[in-house]
Structure formats: C-alpha cells, structure tokens
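A.B. asks: The structure under discussion is supplied below as structure tokens; questions concerning it will follow.
The values are calculated or read from the model by the stated rules, or taken from the named source; none is laboratory data. The shown structure was predicted, so the numbers you read here are calculated from the model rather than taken from an experiment. Glycine gets a Cβ as well: all are built from the backbone with ideal geometry, and neighbour counts include every protein chain shown. In case anyone asks, the SASA skips ligands and DNA or RNA and just uses the protein heavy atoms, side chains included. Shrake-Rupley method; radii C 1.70, N 1.55, O 1.52, S 1.80 Å.
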Amino acid sequence: MKTINIGALKCSNDLPLTVIAGPCQLESLDHALMIAEAMAKACADAGAGYVFKASYDKANRTSVSGMRGLGLDEGLRIMDEVRAEIGCPTLTDVHSPDHCAAVANAVDVMQIPAFLSRQTDLLVAAGETGAVVNIKKGQFLAPWDMPNVISKVESTGNENIMLTERGASFGYNTLVADFRSLPTMAKTGYPVIMDATHSVQQPGGQGGSSGGQREFAPVMARAAVSLGIAGVFIETHEEPDRAPSDGPNMIPLHQMPDLMKSLMEFDALAKANPCRV
C-alpha cells in the first residue's frame, strides 16, 4: 500500500485512520478556526490524524440561487490561516484548471469534485502542481473505472493521490453506497477515503437544494472503517440546519468526539486484520 504525506501526516490504507472534516463551505475565519480547533482536539484525543476541509466555492449547487462561498482569494487566505494557527493540513475543492496553482500554495490537498472526476484538463492541472490530489469517484462511475482517472494524474509524474467513495446514483434524488468499492479501489494501492456525509445526500431532493439523511452518516463511517481504509471524510457544523449548504447530511459538531473514539476502535480492529480482495 502506498503512503501519502499530507503535511506532517502520513496517510495509507495500512496506517491509523485519517479524518478529513469541516464545514461544507467557508463562512468566516472565526468559524473555520472554531471548527478546526474542535475537530483537531477530538481527533488528537482519539488518536486519529486530522485534515481540515472547507470549500471556497461551491460551483455545483443545485440552484443558481444557492450560496457558493467566499470566493478564491478570501477563501484561500482563510485556509492558509487555519493551517498556520491550528497546525493541521487542509483540503479544498478545485473546479477550474486555472485555480490549481493558487490552491496548491494555500492548502495541502486539492480535491477533485465527483462531478468533475473525468475532466482531463482539471486532473492534469491538479497533478502538475505536485500537491496531494484527492479524487472523488463520480456518482456515475464504477470503482473499477478509477485506474483510468488515476492515470491522468500519474501522467504528470504526481503519485500523491487519494480516492474517495461518495455513493452512486440510484434513481432520482437518491444515492447508494456499495462497500465493495472500497477494497476494489484499495487494489490500486492508493489511500481510500469514505465520504460518510455526501453518501447520505439526496441530490436535489428539496427542489432547489439537496436533502439528506444525516442520521445514517455515522453508520456509513463505521461500516467503512471496519473494512480497513485510509480515512473518512465528514462534513460537520455546530448548527447543521443553519449551514449555507449540505446541512441535511452534516453531523453536528458536538457529536464528533464520541464518533471519533468509536471510529478509532473499529480502525484498530480492522487494521489488525484488514479486508482485502
């Protein structure tokens, strides 16, 4: 299994769990620092690695009226400050090839959104920065399709790659998580991440915005970690119902310390005897 360095953190399917967590979109510096500090402590107490995540632009909102975030310049300034003040690695989405160089200077991981996971120009531009690239598997892709996606980033000489499962389209406004995809993608050797919150999303389920079943997000996280994977991706907020995006599938921040402890217990058991195919 390959080991990816994310700042000072090492991430691999064979190493203790990495948790990627934060709000869906950036709201302010104070808000980002509050969540990052709370999550860094929860992960440290549980023995998990921690990466702060947030988006400076949500370019794939359901409706044109959906809130998109703070924008590139302000968003990257905040991400850089979070990394400096909290001391944790950071992750954000990129939607455009011409953003990649700037993003790579401000964060440790650039994430390719699931809808864009076959966009060759974006994947190549991300790879050329040399940064860690986390690729979310498209809702329309099978797990065995991912080597073709990987090869686009590898063509730049960059092998700092992670793969994230976030569910597959299953009829209108519905996703289903097929846990066979985790060991299937792990066959590539690259770290595999389970997106526990977007996998319970109901895309466009509220008409002008997406719905979700947040009560099942911890279920998804525990089931995935029990297989022996590199990490979990979780969106969290102190008041999910007031979050500007993805609130219906977020886990409330106050629940995260207990969830981190239980996930690390599953992780220890799984890493002692990982499930491989």
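A.B. asks: Could you say whether any residue in segment 247-258 is among the small types (Gly, Ala, Ser), in contact with a His (Cβ under 8 Å, 6 or more places away or on another chain), within 30 Å of Thr129 (Cβ to Cβ) and at pLDDT below 95?
C.D. replies: No: segment 247-258 contains no residue that is among the small types (Gly, Ala, Ser), in contact with a His (Cβ under 8 Å, 6 or more places away or on another chain), within 30 Å of Thr129 (Cβ to Cβ) and at pLDDT below 95.
A.B. asks: Which of the residues belonging to segment 1-24 are outside any loop (DSSP other than H, G, I, E, B) and either buried (at least 24 other Cβ atoms within 10 Å of the Cβ) or more than 18 Å from the chain's Cα centre (by Cα) (or both)?
C.D. replies: The initial filter retains those residues of segment 1-24 that are outside any loop (DSSP other than H, G, I, E, B), namely 4-6, 9-11, 18-22.
Scanning segment 1-24 gives Ile6, Cys11, Thr18, Val19, Ile20, Ala21, Gly22.
A.B. asks: Restricting to segment 126-147, name every residue that is of a type in the set (A, V, I, L, M) and buried (at least 21 other Cβ atoms within 10 Å of the Cβ).
C.D. replies: Ala126, Ala131, Val132, Val133, Ile135, Met146
A.B. asks: Whether any residue in segment 78-91 is assigned to a strand (DSSP E or B) and over 21 Å from Thr188 (Cα atoms) is what I want to check.
C.D. replies: Checking segment 78-91: at least one residue is assigned to a strand (DSSP E or B) and over 21 Å from Thr188 (Cα atoms).
A.B. asks: Also, I was wondering about something else. Quick one: would you say Cys100 is assigned to a loop (DSSP other than H, G, I, E, B) and either surrounded by fewer than 20 Cβ atoms within 10 Å (Cβ to Cβ) or modelled with pLDDT of 95 or more (or both)? Walk me through it before giving the result.
C.D. replies: Working: assigned to a loop (DSSP other than H, G, I, E, B): no; either surrounded by fewer than 20 Cβ atoms within 10 Å (Cβ to Cβ) or modelled with pLDDT of 95 or more (or both): yes.
Considered against the rule, which asks whether it is assigned to a loop (DSSP other than H, G, I, E, B) and either surrounded by fewer than 20 Cβ atoms within 10 Å (Cβ to Cβ) or modelled with pLDDT of 95 or more (or both), Cys100 comes out as no.
A.B. asks: In segment 30-74, which residue that is among the β-branched types (Val, Ile, Thr) and at pLDDT 90 or above is surrounded by the fewest Cβ atoms within 10 Å (Cβ to Cβ)?
C.D. replies: Among those that are among the β-branched types (Val, Ile, Thr) and at pLDDT 90 or above, it is Ile35.
A.B. asks: So which of Gln206, Gln201, Gln213 ends up being closer than 17 Å to Gly138 by Cα and at pLDDT below 95? Full working, then the answer.
C.D. replies: Details: Gln206 fails: closer than 17 Å to Gly138 by Cα; Gln213 fails: closer than 17 Å to Gly138 by Cα.
That would be Gln201, the only listed residue that is closer than 17 Å to Gly138 by Cα and at pLDDT below 95.
A.B. asks: I'd like the residue in segment 154-205 that is among the hydrophobic types (A, V, I, L, M, F, W, C) and assigned to a loop (DSSP other than H, G, I, E, B) and, out of all such residues, is most open to solvent (accessible area, probe 1.4 Å).
C.D. replies: Step by step, filter segment 154-205, then rank; the result is Phe170.
A.B. asks: Among the residues of segment 213-225, is any part of a loop (DSSP other than H, G, I, E, B) and either in contact with a Pro (Cβ under 7 Å, 6 or more places away or on another chain) or buried (at least 24 other Cβ atoms within 10 Å of the Cβ) (or both)?
C.D. replies: Within segment 213-225, none of the residues are part of a loop (DSSP other than H, G, I, E, B) and either in contact with a Pro (Cβ under 7 Å, 6 or more places away or on another chain) or buried (at least 24 other Cβ atoms within 10 Å of the Cβ) (or both).
A.B. asks: Give me the pairs: first residue in segment 10-25 and within 9 Å of Gly231 (Cβ to Cβ) and without any contact (Cβ under 8 Å) to a residue 24 or more places away in the chain, second residue open to solvent by less than 10 Å² (accessible area, probe 1.4 Å) and of a type in the set (A, V, I, L, M), beta-carbon distance under 9 Å, and six or more apart or on different chains, which are they?
C.D. replies: none
A.B. asks: Let me ask something additional. Hey, could you check segment 226-242 for residues that are more than 14 Å from the chain's Cα centre (by Cα) and open to solvent by less than 20 Å² (accessible area, probe 1.4 Å) and say which is nearest to Ala38 (Cα to Cα)?
C.D. replies: Per the stated criteria, the residue is His237.
A.B. asks: With respect to Ile150, is the statement that it is of a type in the set (Val, Ile, Thr), outside any helix (DSSP H, G or I) and open to solvent by less than 30 Å² (accessible area, probe 1.4 Å) true?
C.D. replies: No.
A.B. asks: Report every pair of residues separated by at least 6 positions or lying on different chains whose Cβ atoms are under 6 Å apart, first residue within segment 148-162 and in contact (Cβ under 8 Å) with a residue 24 or more places away in the chain, second assigned to a helix (DSSP H, G or I) and acidic (Asp, Glu).
C.D. replies: Pairs found: Thr156/Glu128.
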